[in-house]
Every structure is written in structure tokens, then in C-alpha cells.
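See below for the structure under consideration.
The values are calculated or read from the model by the stated rules, or taken from the named source; none is laboratory data. All figures in this text were calculated on a predicted structure; none of them were measured in a lab. Cβ placement follows ideal geometry from the backbone for every residue including glycine, while neighbour counts extend to all protein chains displayed. SASA here: full protein model, heavy atoms, side chains in, ligands and nucleic acids out. Shrake-Rupley method; radii C 1.70, N 1.55, O 1.52, S 1.80 Å.
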Amino acid sequence: MLADQIRSLQKDTRITWPAARIEDPWSAEAAAPLFTRIKNKLDAIASTDDMFRAVPASLSGFIQRKEADHIEIYLRGDCVAARTFSVSSAQLPGLLRSAADYVYAQCQPTAYSVYLVEQGRFAEAIAFSQQHYGRATHDPDRMHLLYSWASALAGMGDSSGAADKYWAAIQITPDSWGSYTALIDSEIELGHYERALEVGELLERRSHRGSWLYAHLRRSWFRPTRPDTFMPLDQLRQDWYGLVRSIEAELAATAGAGVHLSGIDMAYAQGLVLAHERRAAQIRFQIATTMPGVSPIDALLIEGDLAHETGDTTQLRKRLAALREMWQHQVPSANAQNGDEDFCAVAELFNENGDALMADRLLGGRRNSPGCLDSKAQIEASRNHRAHARSLFESAIDAAPRLPEPHYRYGLFLVSNQEAARARREFELAHVYGPHWAEPLKSLGDLDLQAGDEAAAIENYNEAIRYAPKWPGLHRQLGVAFSRAGRRRESQMQMQLASGL
């Protein structure tokens, strides 16, 4: 990937004097290997993506001593305005990086803007993108500069400014798929969940997702190729089956490399456990936690989901105890990697495991996003504060009417409150807004079974199995429905299948 090549550039340009192999450091001929090395690295980066033009061959210059310990590097080339870099010999390694940065910025401004963002140099990236956007004459260059500009703003916490720039990038290049994904994330960060869904739906239409062409012309011009392109949308709609299958398709196409290159190991593990593929989820979770940069909060939440799925809370309790010790004096605030909703979900875990005090401390000061409202409602319901819980569930739905999860969670609350008719309505809405989510369909089947309508229960359970084919509890419920309908052989088959999953 381009980002990996950029990191390689940074490493290779921070070379020491001996590494340059300059025997006579004051001659133009001896300096040639240095400039060749810089140029080769730039060409390697340019060749990774045909959107970027290659660096011209004529990159040259010389090194000379001006005073006793004073060195100058003179650099020139077809795409490089001549410039002299002047330092002491002790500063040479840093100067070599500056020279390489200068060449890269002059010859490849769009790629260099990405490089600055990847290195966390956000203020430089914004200034550079602003400066070069007005000079860019090609739409792909303008789009990439806007994308870097937006990413730098997001990195500095300005989600509103980032959303504006991502949208501007989409206006220039409608197939800038990464801009849609990043825009969805920015809208979620701003609490604009309905807007995030609208952007995701626009992405689906413009990329022809679900069409025959999308399925059969894998690398066609209109098709996104990264498995994380639709990830935020799938997560909003609870389409865990679709998320898992898209990642696995990329794994097959890239001989296993695609997931790691895209940095979505933890999302894959999360998708597997929420699709109720617990055996695969346990293996993928173990692999994902060995990858660099994994958030401990992400790991904890997936471990919580696994504990719910398997019934084994031993490791989860140990991790919660360690966090309690770590946070006993000060609970963490939300950051770029883990927002308020993640910490609200962690509060739920503490509450479920008997630590109401830590749950309340974690909830303090969190914003009222749909996820946090749901978590607060769930905690209030567990403490038998049912009127307050109901109000919080309804507030979560009001905050994002088309998200399926608030409807589903409210439905579960209504079932526990013996309000089957209202619960059914919420489960049906959850299914409308999350059509590939198995949970609402199973819950509808449970209500059908409770009402004595085995045929309707079987229909809902079978539909749910399309999106969670390895969920043991779902197969068991289908077995119960078959048994009550007098279809004993089919019931036995489902029970046997459930025991093997």
C-alpha cells in the first residue's frame, strides 16, 4: 500500500553519512549515489499507484564544503526547483531527510500530502494541501489534496471541517470511495447518524453494490476494492454477516494479506462474534490482539461479546479487575480511537459484573449519543429504574430513528416488561433498518413461538439463519419450533446441528 511505501521512504531517507557510501564527500560524482537513491525511492512510491506521476530521471546535484565544518547540498531536477541546503556535518542525517522531503513535495505533491498525514504532521499537511490545491489542474490531484486536508483536520479533532472537505472531494471525484467512508466516520463523530446513513446509501448507489456487475467485475472502475469501504455502513446497520463475507472475499483475493494491510483485524473479529461464528471469532481475536496498535478498549469489548456468546466470563472479569485498578483514581476520556460510546459499553460490562460504582464513574460526562443512551437505559433497567430506562430508550430512538440497534434494545426491554405487541413493533422496525441482522428476526420468532404461531416462528428463524448460519441458539429455537409443529425429524436435525457449532 501507498502508506507502507511512504513509511519506508521516511526510514530510508534518515540515513547516516557512511550509509550514503560517499568516499569523497566533496565531489559532485560521489554525491550521485545519494541522489539516485532518493530518486529510486520516489519512483518506487510513484509506481505503486498509477494516479501519481513518476519522478523524472534528471535528479542531480552536488555536495561541497563551504567552511571548516559547513556543508551544502545543491539539488535540481526537471520537477525540482533548484535549492541549496546548508548545515554542519553533524546535522547531515536530518538534512538528507529534508532534501528527500523537498524532492517528494515538489514532484509528487498529492502523494506527499498523504505522507504528511500518515506521519501525523497534521498542521504541515493542512498548510501544504491548501498551498497546492490552488495549483492542481487534474481532478484526481485536487481530490487527493482535499482528502489529505480533511484527514489532517480529523486528526486534529475538527470533525466538522473534515466532513466539509471529504464532501468537497466527493463532488470532484464521485468514485473517491475512501472519502465516503471517512465522511461517514466524521458524521458519526459529530452525532449526525441519519446523515451518516445517507452518505452510506449514496456510496452503495454510486458503487453499484449488490448489482451483477459489482459481483462479477471485481476490479472494474466503479467498484471499491478495499474490504473496509462499507464497514462503517455495515456497522451502523448491524450487517455483521455482510461485513464478514466482504473481508473474507478480500482475504481470498489477496492470499490473506488484505485484512492486515487495511488494518481491520479487530473489526473482522468483532464481525465474526456478532455474526455468532464463535469458533472462528476466538481464533481471529487471538490473532488480532497480537497486531500493533490494537486498542485495549476494542479488545475488551470484543472479549465481552465473546463472553456473552460462550458463557465464559473468567478472562473478562480478570480484564475488568485490571482496568478497575488502573482507573481507580481517574477514568479515561474519549479519544480519536475510542469515543464515548465505547466507554459507555464498557460501563455496561462493569455493571453486568457487579461494579455499579465504576459503571457510574465511566458514564459521567459522556455525551448522549444513541449508543450511550442505550447503555444508560440498559443499566437503569438492570437496577429496576424502569420508567427512567424507558425514557432513555425512547431518547436513543429519537436521536437516530433509522438505526436498528436502539429499536432492538428497546424491544428487548418491552419484552421484559410484558409488552409483547409494542416489542414486536420495535423488532419489526429494527428488521426494516437492519435487514441483514439476525437478532430482530430471532426475537420476532421468539414472540411467534410464545404466541403459539409455530409456522410464523419457523419462517422468521429460517430467515435469521441466512444471516447467522452458525448461531447455535438460533438453530435450537428452530428445533423447538419444529418440535411444537410436530416435525420431529427436522427438529432433531436442528438440535444436532446446534450441538456441533
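Annotation: ALA288 fulfils all but one of (1) without any contact (Cβ under 8 Å) to a residue 24 or more places away in the chain; (2) more than 16 Å from the chain's Cα centre (by Cα); (3) under 20 Å from VAL346 (Cα atoms); the unmet one is (2).
Those residues that are touching a Gly at 6+ places or on another chain (Cβ under 7 Å), under 29 Å from GLU194 (Cα atoms) and in a helix (DSSP H, G or I), I need them from the range 435-460; list them, please.
Passing the criteria: PRO440, SER443, ASN460.
For the range 473-496, the set of residues classified as of a type in the set (S, T, N, Q) and in contact (Cβ under 8 Å) with a residue 12 or more places away in the chain consists of GLN477, SER491, GLN492, GLN494, listed by residue number.
One residue stands out among those in the range 338-359 that are open to solvent by 20 Å² or more (accessible area, probe 1.4 Å) and of a type in the set (A, V, I, L, M): the one that is nearest to the chain's Cα centre (by Cα), which is ALA345.
Against the test of being among the β-branched types (Val, Ile, Thr) and more than 18 Å from ALA196 (Cβ to Cβ), the options VAL415, VAL432 yield a single qualifying residue, VAL415. In the range 361-377 there is no residue that is farther than 28 Å from ALA280 by Cα, over 33 Å from the mean Cα position of the chain (by Cα) and of a type in the set (Gly, Ala, Ser). Of all residues in the range 355-385, those being farther than 20 Å from PHE413 by Cα and out of contact with any helix residue (DSSP H, G or I) (no Cβ under 6 Å at 6 or more places or on another chain) number 6.
The set of residues from the range 418-430 being at negative phi and either open to solvent by 50 Å² or more (accessible area, probe 1.4 Å) or among the aliphatic types (A, V, I, L, M) (or both) comprises ALA420, ALA421, ARG422, ALA423, ARG424, ARG425, GLU428, LEU429, ALA430.
Entry remark, the range 134-181: residues being among the polar types (S, T, N, Q), in a loop (DSSP other than H, G, I, E, B) and touching a helix residue (DSSP H, G or I) at 6+ places or on another chain (Cβ under 6 Å) number 2 in total. For the condition open to solvent by 20 Å² or more (accessible area, probe 1.4 Å), without any contact (Cβ under 8 Å) to a residue 40 or more places away in the chain and in contact with a Leu (Cβ under 7 Å, 6 or more places away or on another chain), SER382 does not qualify. Annotation: of all residues in the range 147-169 being more than 16 Å from the chain's Cα centre (by Cα) and surrounded by fewer than 23 Cβ atoms within 10 Å (Cβ to Cβ), the one that is farthest from TYR433 (Cα to Cα) is MET156.
Of all residues in the range 119-134, those satisfying the criterion of being more than 13 Å from ASP101 (Cα to Cα), touching a residue at least 12 places away in the same chain (Cβ under 8 Å) and not β-branched (Val, Ile, Thr) are GLY120, PHE122, ALA123, SER129, GLN130, HIS132, TYR133.
Checking each residue in the range 440-452 for being surrounded by 16 or more Cβ atoms within 10 Å (Cβ to Cβ) and over 12 Å from ARG424 (Cα atoms) picks out only LEU449.
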